[in-house]
Amino acid sequence: MSQVPAEIAADTSLPAHTRVLIVGSGPAGYTAAVYAARAMLKPVLIQGMQPGGQLTITTEVENWPGETEIQGPDLMVRMEAHARAMGARIFVDTVTRLDLQQRPFVAELDSGARITADAVILATGAQARWLGLPSEEKFKGFGVSACATCDGFFYRGREVVVVGGGNTAVEEALFLTNFASKVTLIHRRDSLRAEKILQERLFRNPKVSVLWDHELVEVAGTDGPLGVTGVRVRHVREGAEQVVPADGVFIAIGHAPASELVKDQLELHKGGYVKVEPGSTRTSIPGVFAAGDLTDHVYRQAVTSAGMGCMAALDAERWLAEHDMAGEPVPEAAEIPA
């Protein structure tokens, strides 16, 4: 993984107050920091437990505009450097408590520090749900993925498996047929949970086969170099095991938005994603904005997250320009239209 150069090492002196506090450091957070800094808002960004977000565990990225190919960790180092060069103050710490019920907003950090903010941009992202297998962890980024849109291109003419039975799994399997020679969908039940229209498309596709009533128990592969050769699966009732040859494994059992900080304060939907007003990044509390995978249960791409980070900074800038919040009570939370 790329190392952050010394000249962009994290700040050490956290201010007591900031106009804009950005929580999270993926493409959404860093882009928000660039725009907020250019607006002379002197934003403070708290990186969180995984500085750089999910891209730091990705290898080749081929769908970032302007880069034919770039390593995920390298891209995030460059985004951090860009935000810092614009004047953003970036701290290696984690927000453990965020109080959005008083003005200014209050964030308490894992280090014991405390900071207040006039506006908050949430960019804490979402994490793919994994099976929790040691072999799955071993081959992450080397044949095991949770994003067909990100990595499907690498499996042209090769065999892959997809694990799951909901909309995400079926959509990933269908997408992968654009590249792979064969797609095996592995599901632990005897029927899919996906929408009927998606199921019909899946069953009609000659490249797809479904292995019913099976669970993945191990990812098999080589050590030098690391690479996947297949998966070992087990029948959930009979216990019989078999090996399915595969060059790639896509885990598609859902995503978990990192909304724990605000789950009892902001309006959520779709299983925990922060709800924003259509066409904006405004949440149910004025002055609080959300961007990236934390709000996005549809696209979940680095480039769309970055775009939302830009939107959030612009929304925050305009909101701050319209409000002198000194001494004002927190407005009532609003219900966001569907």
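The values are calculated or read from the model by the stated rules, or taken from the named source; none is laboratory data. All figures in this text were calculated on a predicted structure; none of them were measured in a lab. Positions of Cβ are backbone-derived with ideal geometry, glycine not excepted, and every protein chain shown enters the neighbour counts.
Screening the range 129-182 for residues that are part of a loop (DSSP other than H, G, I, E, B) and either on the phi > 0 side of the Ramachandran plot or in contact with a Phe, Trp or Tyr (Cβ under 6 Å, 6 or more places away or on another chain) (or both) and picking the one that is modelled with the lowest pLDDT gives Gly141.
A quick yes/no check of all residues on (1) touching a strand residue (DSSP E or B) at 6+ places or on another chain (Cβ under 6 Å); (2) more than 26 Å from Gln54 (Cβ to Cβ); (3) not assigned by TED's automatic domain parsing to the domain that holds Ala302; (4) not in a strand (DSSP E or B):
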site	(1), (2), (3), (4)
Met79	no, no, no, yes
Ala85	no, no, no, yes
Ile90	yes, no, no, no
Thr96	yes, no, no, no
Arg103	no, yes, no, yes
Ala107	yes, no, no, no
Gly112	no, yes, no, yes
Ile115	yes, no, no, no
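Gln242: over 14 Å from the mean Cα position of the chain (by Cα) and in a loop (DSSP other than H, G, I, E, B), yes or no? In short, no.
Would you confirm whether or not the range 213-221 contains a residue that is in the same structural domain as Asp247 (by TED's automatic domain parsing) and not in a strand (DSSP E or B)? For the range 213-221, residues in the same structural domain as Asp247 (by TED's automatic domain parsing) and not in a strand (DSSP E or B): present. Only one entry of Phe250, Phe203 meets the criterion of being closer than 12 Å to Ala173 by Cβ and surrounded by fewer than 13 Cβ atoms within 10 Å (Cβ to Cβ), and that entry is Phe203.
Number of residues in the range 277-295 that are over 14 Å from Ala126 (Cβ atoms) and either in contact with a Gly (Cβ under 7 Å, 6 or more places away or on another chain) or assigned to a loop (DSSP other than H, G, I, E, B) (or both) equals 10.
Just one of the listed residues (Arg103, Arg129, Arg114, Arg97) is surrounded by fewer than 23 Cβ atoms within 10 Å (Cβ to Cβ), of a type outside the set (S, T, N, Q) and within 20 Å of the chain's Cα centre (by Cα), namely Arg129.
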